[in-house]
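Colleague: Attaching a single structure in structure tokens format; questions to follow.
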Amino acid sequence: MVRKAWWSLVLAGVLGVVVFGPLFAPYSPTAPVGPPFRPPSPAYPLGTDLVGRDVLSRVLHGGWSLLAISAIALVIAYSLGLSLGLIAGLRPRMDSWITRPVDAVVVVPWFLLLAVIATALGAGPAAVLLTASLASVPWIVRIVRTAVHDMAGAGYVESARARGEPLWWVAVVEILPNLRSVVLADAGVRLSGVISIVAVGGFLGLGMRPPSPDWALMITENRSGFGMQPWAVLAPALLIMVFVVSVNMFSDTAIGCRRPRAATAAPESGAEEGLRVEHLTVRTRAGRTLLHDVSVRLVPGRGLAVIGPSGAGKTTFASAVLGALPPGLSAAGTVGIGHTDSNRRAVGFVPQDPATGLNPALRIGTSIDEIIRLRRSARGGNGVAAALRRVGLPTGREFRRRFPHELSGGQQQRVLLAMALVDDPALVVFDEPTTGLDVRARTDLVEMLARVRRESATAFLIITHDLAGVAPLIDDVLELDEGRVLSYASWESTEPDPAAPRLTKPSRPETEPILRVEALSVAYRSRSVIDAISFTVAPGSCLALTGRSGAGKTTVARALIGLHSPASGTIRLDGSVLPSRIDERSAGHCRAVQLIPQNPATALNPAHRIGSQVSRPLRLLRGMDSAPADRETARLLTEVGLDPALAGRRPGELSGGQQQRAAIARALAAGPRLLVCDEITASLDAESQRIVLDLLDRLRRTGLALVVISHQSAVIERLADTVVDLDDPDRSQLRGTVDAIGRASES
């Protein structure tokens with residue numbers, strides 16, 4: 001904070017000279033007042049220049065042109081760069097048309113660009129302004145394009161496209177607000193670069209023309225008299241230097257202050273525990289307590305499950321252990337992570353949403369190699385191959401060169417696990433590790449983690465709603481509710497009764513299907529994913545898509561919505577062929593078929609309040625005005641088990657389960673006839689899951705049809721009338737009682 005305050009004062013001082021300097025200038029900046037190159041004196045504190053003008057007066061006037069040209073150039077560069085970056089990121093067909101010229105401009109030195117432009121337009125402010133803008137645009141386009149590529153696959157963007165939002169809305173309302181951190185991080189570097197270009201352009205005599213007061217022009221004009229009167233050169237040069245450095249340092253410290261502080265985790269070399277938490281309490285700035293006096297101990301090689309309903313404080317507890325509490329939260333108490341080997345990492349982390357943990361611009365092999373090189377634990381490809389082999393992933397060059405978006409969700413999660421396990425950390429924190437995994441993938445994952453725990457004596461802290469699924473990894477269970485410890489005991493003493501009631505669904509009369517899929521084939525990058533799948537969905541019925549991770553379940557769901565064009569086949573709604581692309585579908589089509597995305601962390605736009613996101617489909621697709629939309633929003637939130645007061649909060653203030661239910665409310669706001677649900681209950685606790693399943697069951701009685709992607713047998717048994725197993729080469733549809741469906745899902 002002291003460093004930030006210091007550079008803030010320096011930058012404020014320079015800007016003060018620029019803005020208010022002309023008010024205090026003793027003489028006209030362009031009129032001679034004495035002999036040339038006169039040394040400093042009481043009448044002329046910084047002396048005179050080559051034609052006898054007062055140097056102090058010219059210095060006090062000379063920053064305006066530098067600041068004005070730099071600011072205008074930056075506005076032009078960001079306006080053009082943001083626009084092109086958004087288009088390149090959202091329109092694949094336009095990507096190459098934009099990136100190729102951008103790549104060509106990047107390799108051209110800016111001073112050569114300035115020389116060409118100055119030759120064509122003539123020396124002057126316009127040439128420098130255009131050069132500074134064009135030199136910045138390619139870098140902005142590249143940064144924005146990469147960020148947009150990452151966001152384009154987020155649930156909130158796909159939901160916006162699924163409800164038929166135009167491209168400009170998706171770009172300006174859904175994506176642009178979330179680029180703020182990217183732009184701010186880049187702005188300091190970009191501004192200092194633009195200032196340097198403008199200053200050097202003036203120094204070369206290609207900027208402001210004499211007799212204009214300009215710091216760069218002063219340097220080049222007075223070089224010949226530097227030996228007689230150095231202040232005519234040093235004063236403007238020092239101000240330019242301090243201006244550039246203070247902008248850079250201020251932006252660096254400002255960005256650093258926005259990062260989460262690692263103030264709670266204190267790894268202790270030689271500690272006996274894998275994890276020791278004593279009297280941990282977390283509060284908000286307003287004084288609201290999120291965690292109340294939590295204490296646990298976890299010896300090496302043991303596993304601790306943290307359970308509780310949505311909003312219980314599980315994620316806050318994990319963040320405190322990791323030392324990554326968000327800004328605005330403070331912690332009291334002690335967190336110790338023990339490790340006895342100086343070459344061993346203290347802690348690894350596997351987030352719930354794999355997409356948020358991998359850099360979309362880096363290949364898989366590069367991401368893992370960065371961790372390995374940082375730890376200096378292995379060299380190059382051998383270390384990467386060993387890390388991939390350990391988590392059961394291919395080790396070949398073709399796989400290592402894939403980008404995250406080219407992997408399934410399960411493969412992304414295993415890559416993150418490989419990164420977290422580098423150097424056998426003393427503690428690994430998992431956030432819902434089995435969410436979205438099929439039975440076989442979940443079993444393989446648990447067996448692999450059990451082996452890792454035996455071999456490395458790594459302690460596991462697991463946030464989960466699937467306690468039975470991770471049981472082989474668990475020794476103790478910590479149950480939280482509203483930030484308080486309800487129980488803390490061994491797994492054996494808390495293990496629930498595995499017996500669960502099986503519900504029998506009433507038989508449904510045969511009706512004409514809402515949705516008919518005929519010989520649908522989908523491919524990705526010319527690689528076949530699903531070949532010739534066919535099924536129908538009738539009003540009030542539910543079809544479940546099952547299969548291993550990477551089998552193509554989500555790809556089929558995206559094809560139904562219109563977010564992924566099929567390679568062949570047809571999709572019919574009420575007998576009419578649906579256009580394959582969402583952009584070609586009518587508002588009625590968009591309203592009829594709605595998507596609930598898989599990952600709650602990205603299902604809602606973090607920049608907008610919950611109420612505005614739920615009410616948007618009401619306005620767009622159902623034509624409601626403000627007051628009716630607000631009332632319907634409150635009703636929908638209540639229907640999914642949320643307090644209507646949450647409408648005023650942003651997604652980051654909700655737990656994962658609350659975020660998922662808000663996403664369900666937003667999908668229902670469109671009044672759909674078919675709801676495509678992608679693992680919507682995977683991250684919910686038992687009570688929240690019951691609320692959602694009860695809600696879907698009630699909606700089915702009104703005729704709402706469902707296509708459900710799930711690996712949870714309880715969900716399939718509760719909802720599914722038909723199960724399509726994408727691992728089955730025949731892709732047969734199984735109909736009948738819930739017991740038959742349950743057996744089919746287990747086979």
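Colleague: In the chain, with Lys and Arg counted as +1 and Asp and Glu as -1 at Cβ, which of these residues, 434, 674, 112, has the Cα nearest the positive end of the dipole, that is, farthest along it?
Modeller: 112
Colleague: Helix check for the chain. Which DSSP H runs span at least 24 Å along their own axis by Cα, with a mean Kyte-Doolittle hydropathy no less than 0.5?
Modeller: Flagged H segments are 2-24, 63-90, 125-152, 180-203, 231-258.
Colleague: Any idea what the dipole of the chain comes to, in debye rounded to 20, about its Cα centre with Lys/Arg Cβ at +1 and Asp/Glu Cβ at -1?
Modeller: Value, rounded to 20: 1680 debye.
Colleague: Ranking 419, 218, 624 by Cβ neighbours within 10 Å, fewest first, what do you get?
Modeller: Ordered by Cβ neighbours within 10 Å, fewest first: 624, 419, 218.
Colleague: Give, to the nearest whole percent, the P(r) tail of the chain beyond 36 angstrom, counting all Cα pairs.
Modeller: 53
Colleague: Right, here's the next one. Note the direction-averaged projected area, equal to a quarter of the hull surface, for the Cα convex hull of the range 265-494, in nm².
Modeller: About 12.2 nm², averaged over all directions.
Colleague: Right, another one. Where in the chain lies the longest segment free of GluC sites (Glu not before Pro) that are both loop residues by DSSP (not H, G, I, E, B) and have at most 13 other Cβ atoms within 10 Å?
Modeller: 1-271
Colleague: Further, regarding this structure: Fewest Cβ neighbours within 10 Å first, please rank 722, 48, 464, 334 accordingly.
Modeller: Lowest count first: 334, 722, 464, 48.
Colleague: Taking amide H positions as placed in the peptide plane 1.01 Å from N, state which residues far from residue 544 in sequence (5 or more) or on other chains have amide H under 5 Å from it.
Modeller: For residue 544, the qualifying residues are 708, 721, 722, 723, 724.
Colleague: Another question, then. Taking trypsin sites (Lys or Arg not before Pro) as candidate sites, keep only those in a DSSP loop with at most 13 other Cβ atoms within 10 Å, then name the longest stretch of the chain containing none of them.
Modeller: 1-284
Colleague: For the chain, what is the mean residue ellipticity at 222 nm derived from helices alone (per DSSP H run of n ≥ 4: -39500 (n - 2.57); sum divided by total residues; nearest 500 deg cm²/dmol)?
Modeller: My calculation for the chain gives -14500 deg cm²/dmol from helical runs alone.
All of the numbers you see were taken from the coordinates with simple rules; none came from a lab. Treat the numbers as computed from the prediction; the structure is a model and nothing was measured. We place every Cβ from the backbone using ideal geometry, glycine too, and count neighbours over all the protein chains shown.
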